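Chemist: Dropping the structure in here first, questions after.
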Amino acid sequence: MRLFQLSLALCLALGGAAVARAHSDVVPYALGGKIVTGGHDDVLGTDVITERVFGYDFGEDPLDPNFIGDPGFNNGSFAIGVYPNNGLLPANFTLGLNVLTNLSYWDGTGSVSFSAAPVSVDLGINRGSNTVHISGVGLTGTVPTIGSTGPSGRLHVHAQSTLNYTDGSNASAPNAPDGLYLVVLQLTLPGSGTANSDPIYFVYNNNLSETQHDEGIEWVQTNLVPEPSTWLLMAVSLGAIAATGRRKAKRLISQN
């Protein structure tokens with residue numbers, strides 16, 4: 001009975017990931033030979049065991065409205081006892097990115113509907129010396145890696161995102177059109193034998209309301225992200241059950 005209740009609770013938690021948490025760090029971890037992604041909100045201290053849609057906002061710094069220090073990638077010590085496999089990735093490999101789509105855009109008018117971003121706009125994702133520019137028609141630049149998992153199998157790093165705009169005559173025109181910008185990526189861990197993640201979705205808000213941002217996130221979640229597979233539900237459930245067993249064992253040892 002206890003096993004059923006825990007499995008049911010985990011299924012409900014997975015279902016609760018239908019609405020993405022804005023500004024959550026991506027939590028990459030290995031499960032069943034594959035990279036799986038959850039979400040961790042540093043401010044609220046909340047966790048979602050499986051999350052694939054992430055929301056970010058431009059314009060938070062009025063002095064630099066087209067730049068943000070997101071997305072973050074974090075499977076730090078908070079994951080111990082919370083995520084399956086304690087949130088670990090294989091140690092001493094480099095977590096990387098594949099860009100799966102061009103840049104899509106919704107201007108906030110009417111019902112949510114994403115199409116190719118205006119030709120004057122590109123989204124730059126930077127880490128270290130490498131930047132990839134993603135536009136409505138393709139990619140330029142170099143796709144950055146995220147960082148090393150190190151000897152512990154953990155990392156906490158942030159990439160940077162910039163919304164670039166040119167009107168064809170003014171290479172430093174001030175602002176890209178207001179709206180939501182969507183790009184789809186995939187996490188990789190080359191050489192580790194761990195399969196790439198399922199697609200993850202970044203929904204950037206440029207000067208629309210938070211209500212519209214939420215609508216866009218929910219549209220992506222509903223229309224682009226499939227329901228978690230039975231295999232994933234079982235694997236997450238078993239991982240959490242094992243973590244619960246380890247915590248109980250530690251408590252018994254400490255009491256004796």
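Quick grid of which residues meet (1) buried (at least 19 other Cβ atoms within 10 Å of the Cβ); (2) under 23 Å from Asn206 (Cα atoms); (3) of a type outside the set (Val, Ile, Thr):
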| residue | (1), (2), (3) |
| --- | --- |
| Tyr105 | yes, yes, yes |
| Asn126 | no, yes, yes |
| Ile134 | yes, yes, no |
| Thr166 | no, yes, no |
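Chemist: Which one of these does Ala195 not meet: (1) surrounded by 15 or more Cβ atoms within 10 Å (Cβ to Cβ); (2) touching a strand residue (DSSP E or B) at 6+ places or on another chain (Cβ under 6 Å); (3) within 18 Å of Ile35 (Cβ to Cβ); (4) not charged (D, E, K, R)?
Modeler: (1)
Chemist: Here's another thing I want to ask about it. Given Thr222, Thr140, Thr211, which one is part of a strand (DSSP E or B), over 18 Å from Asp70 (Cα atoms), hydroxyl-bearing (Ser, Thr, Tyr) and at pLDDT 95 or above?
Modeler: On the way: Thr222 fails: part of a strand (DSSP E or B); Thr211 fails: part of a strand (DSSP E or B).
Every option except Thr140 fails the conditions.
Chemist: Continuing with the same structure: Checking the structure you have, find out if any residue of segment 145-159 is at pLDDT below 95 and either β-branched (Val, Ile, Thr) or exposed (fewer than 15 other Cβ atoms within 10 Å of the Cβ) (or both). Spell out how you get there, then give the answer.
Modeler: The initial filter retains those residues of segment 145-159 that are at pLDDT below 95, namely none.
Taking every residue of segment 145-159 in turn, none turns out to be at pLDDT below 95 and either β-branched (Val, Ile, Thr) or exposed (fewer than 15 other Cβ atoms within 10 Å of the Cβ) (or both).
Chemist: Still on this structure, I have one more. Considering only segment 125-137, state which residues are within 16 Å of Ser104 (Cβ to Cβ) and among the small types (Gly, Ala, Ser).
Modeler: The answer is Ser135, Gly136.
Chemist: What are the residues in segment 105-137 that are among the β-branched types (Val, Ile, Thr), farther than 23 Å from His213 by Cβ and either outside any strand (DSSP E or B) or out of contact with any Ser or Thr (no Cβ under 9 Å at 6 or more places or on another chain) (or both), if any?
Modeler: Val119, Val137
Chemist: Which of (1) outside any loop (DSSP other than H, G, I, E, B); (2) buried (at least 17 other Cβ atoms within 10 Å of the Cβ) is the odd one out, the single condition Asn98 does not satisfy?
Modeler: Of everything listed in (1) outside any loop (DSSP other than H, G, I, E, B); (2) buried (at least 17 other Cβ atoms within 10 Å of the Cβ), Asn98 misses just condition (2).
Chemist: Of all residues in segment 188-201, which are of a type outside the set (Phe, Trp, Tyr) and closer than 30 Å to Thr166 by Cα?
Modeler: Result: Pro199, Ile200.
The values are calculated or read from the model by the stated rules, or taken from the named source; none is laboratory data. This structure is a prediction, so every number in the text was calculated from the model and none was measured. So basically every Cβ, Gly included, is an ideal-geometry build from the backbone, and we count neighbours across all protein chains shown.
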